[in-house]
Amino acid sequence: MVNVPEQIVSSARKPPSTEPPSRWRLSTLDSVRLGLLVAGLLCVATGLLPKAEAADNMRRIGPLLLFLGSVIVLAELTRQAKVFDVIAHRIAIVGRGHYPALFGLCVLFASATTILLNLDTTAVLLTPVMLALAIPARIPPLPLAMTTLWLANTASLLLPVSNLTNLLAANRVALDTTHFAARMWAPQLVSIAATMICLWVWYWRRGLRDADRYVPPEPVRPENGTQRALLYTTAGACVLFILAIPFVGDSIGIAATLAAAIAVAAFAIFDRSSLRLSLIPWRLLVFVVGLFLVLPTLSRFGLSEAMGRLIGADPGALGAYRAAGAGATLSNVANNLPAYTAGESVVPEENRNQLLALLIGTNVAPLVTPWASLATLLCLEFCRSHKVRVPMLRFVLTGLALATIATTAAVAALLLTD
């Protein structure tokens, strides 16, 4: 039998939350986000960032903010309707107590959520659901946590909607959803394969657990007609959004908004008390706006020159690996979003492979430091709030190994399929 710490058991008796317990108090991370926004506004007010350039940046990210806000609202209401719980428990039941089967199904679930709904959805909504699943199935929680944490990053290459950086890159290289996927399918496949190998070796294999089998949990079922209506309506809204992805092109924000509106309408009819202003992901939106004011300012005062020297202008394989390495390094020093935008500003427009290699480095490699990506930060925060200990030395060393392997292999796949 798997031994699960009592504090985890007690925390799992409550429904998984999408926010830390101190919901209405500013956490350290919230203070950093607000500080970043204030710093950005000061850059504009003092003239360090010209107002015209700031306005251009805000126009550029306006559709992205609409998409992010809408998709998080959609995913949060979907979680409240227990769609994720139903799927997670069904996955554990289908695995029939066999860890290899459960491992493959969890990888598939986390990868699909990241690819189709965005990496922040995986971090914010899937992580607490998977951690809560550890209790009834008597599964060690750390492998589940690392599966969502790693795949929230490494599975975010395939579609423009998978990552905010992808939306920026797709616009820069003028690729619609289908052409973007046609270019990135091989790097995505290689990245997920590398992640699976590393997850199994360092977190899932038999020698790291004290049981050969787990206990399949009972299925999650709606308790009444209201819950059933919410479950089916929100699940249907998600399906409609996913089906629309290949066709909507630059209007992905509008598609996400319409899908979120369906979910909001369902809750307005059946459970109006769940519709709160806190559904709006202001933390994420503040963070993005602040970054897109501070980073251009830093670029004007030396960051662009430094990134230009690191990345170079070689359109071949060497230039691609230099871009990926620079993006990976800066992501773990600072954060992957500023790393991508700083690199994008110095990559020549005609060097499409170099830009996509930069994207691979900033998407796949933010696994070494806790602050390397917002998804990594969020996953670790949920581990903390659920009393799941993540050994930091192990986290850093295994993350470094996976980042190196996956980034190197994914860039190779990009170049070989050109």
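Key figures
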| read-out | value |
| --- | --- |
| Among the candidates ARG389, ARG394, residue that is more than 17 Å from the chain's Cα centre (by Cα), closer than 11 Å to MET146 by Cβ and charged (D, E, K, R) | ARG394 |
| Residue match in segment 353-368 (condition: among the aliphatic types (A, V, I, L, M), modelled with pLDDT under 90 and closer than 13 Å to THR165 by Cβ) | no |
| Among (1) part of a loop (DSSP other than H, G, I, E, B); (2) within 19 Å of GLY290 (Cβ to Cβ); (3) touching a residue at least 40 places away in the same chain (Cβ under 8 Å), the one test that TRP371 misses | (3) |
| Residues satisfying the stated conditions in segment 207-240, i.e. surrounded by 14 or more Cβ atoms within 10 Å (Cβ to Cβ), in a loop (DSSP other than H, G, I, E, B) and of a type outside the set (A, V, I, L, M) | ARG209, TYR214, PRO216, PRO217, PRO222 |
| Hits in segment 276-306 - residues which are surrounded by fewer than 16 Cβ atoms within 10 Å (Cβ to Cβ) and in a loop (DSSP other than H, G, I, E, B) | ARG276, ILE280 |
| Residue that is nearest to ALA409 (Cα to Cα) [pool: residues in segment 281-328 that are in contact (Cβ under 8 Å) with a residue 60 or more places away in the chain and among the β-branched types (Val, Ile, Thr)] | VAL288 |
| Residue count for segment 240-277, restricted to those that are within 19 Å of LEU168 (Cα to Cα) and aliphatic (A, V, I, L, M) | 6 |
| Test: residue in segment 307-319 that is surrounded by fewer than 22 Cβ atoms within 10 Å (Cβ to Cβ), at pLDDT below 85 and more than 28 Å from THR122 (Cα to Cα) | no |
| Subset of segment 36-76 (residues that are polar (S, T, N, Q) and within 29 Å of the chain's Cα centre (by Cα)) | ASN57, SER70 |
| Count - residues of segment 100-126 that are crowded, with 21+ Cβ neighbours inside 10 Å and within 13 Å of PRO216 (Cα to Cα) | 1 |
| Residue identified as of a type in the set (A, V, I, L, M, F, W, C), surrounded by fewer than 20 Cβ atoms within 10 Å (Cβ to Cβ) and either within 19 Å of the chain's Cα centre (by Cα) or closer than 13 Å to GLN354 by Cβ (or both) among ALA328, ALA334 | ALA334 |
| Conditions (1) at pLDDT 90 or above; (2) surrounded by 22 or more Cβ atoms within 10 Å (Cβ to Cβ); (3) not charged (D, E, K, R); number of the one not met by CYS379 | (1) |
| The lone exception for ALA339 - which of (1) of a type in the set (Gly, Ala, Ser); (2) assigned to a helix (DSSP H, G or I); (3) surrounded by fewer than 24 Cβ atoms within 10 Å (Cβ to Cβ) it fails | (3) |
| Positions within segment 40-60 being crowded, with 21+ Cβ neighbours inside 10 Å and closer than 14 Å to LEU168 by Cβ, in sequence order | none |
| Lone qualifier among VAL390, VAL347 - being surrounded by fewer than 18 Cβ atoms within 10 Å (Cβ to Cβ), touching a Leu at 6+ places or on another chain (Cβ under 8 Å) and not in a helix (DSSP H, G or I) | VAL390 |
| Residue check for GLY69: part of a helix (DSSP H, G or I) and either touching a helix residue (DSSP H, G or I) at 6+ places or on another chain (Cβ under 7 Å) or surrounded by 23 or more Cβ atoms within 10 Å (Cβ to Cβ) (or both) | yes |
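The values are calculated or read from the model by the stated rules, or taken from the named source; none is laboratory data. These numbers were taken from a predicted model, which means no experiment stands behind them. Neighbour counts run over all protein chains shown; Cβ positions are idealised from the backbone, glycine included.
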